[in-house]
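First the structure, in the form of structure tokens, and then the observations on it.
What follows is calculated from the coordinates using simple rules that are stated; it is not laboratory data. What you see is a predicted model, and the numbers here were worked out from it, not measured in a lab. A quick note on method: Cβ atoms are made from the backbone with ideal geometry, for glycine too, and the neighbour counts reach across all protein chains shown.
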């Protein structure tokens, strides 16, 4: 009999392998301030390292359920808004749009891992991602839900 991992445990393990410095460096320097709207140009090495880590995190409990991961960052021009910067195999339920952060994302950006259960048994965990200076630079979302939108 195989073991089913709690989503919070999957998020904790995934966050151990996510380098917040990569997350800070994933956008090229001229794009970090969003001066030209949402035109994002990624640093290939940082992007590939983050994407690979998300895909591996999604495989932790692959035999038991369909887990998806993504990384959220705060908008520098609107700190109450967040956007998905990188997704694993799929986008989050909120999609690729810039959103007003809900209470769960606010708590995670404040350093407190949190979870939310939606109708239909869909569960999402938000876990802070720290850089080498221990600053929270993003949030790892780990979700289990019905029909994911695969990219």
Subject >> Theoretical gain in end-to-end length, residue 56 to residue 100 [0.36 nm per residue, Cα-Cα removed] >> reply: 13.0 nm
**OP:** Only Cα pairs under 8 Å and at least 6 apart count here; give the relative contact order of region 60-132 as a rounded whole percent.
**Re:** 19 percent
Original post:
Each label point is 7 Å from the Cα along the Cα-to-Cβ direction; what then is the distance between the points at residue 45 and residue 13, in nm?
Top reply: 2.9 nm
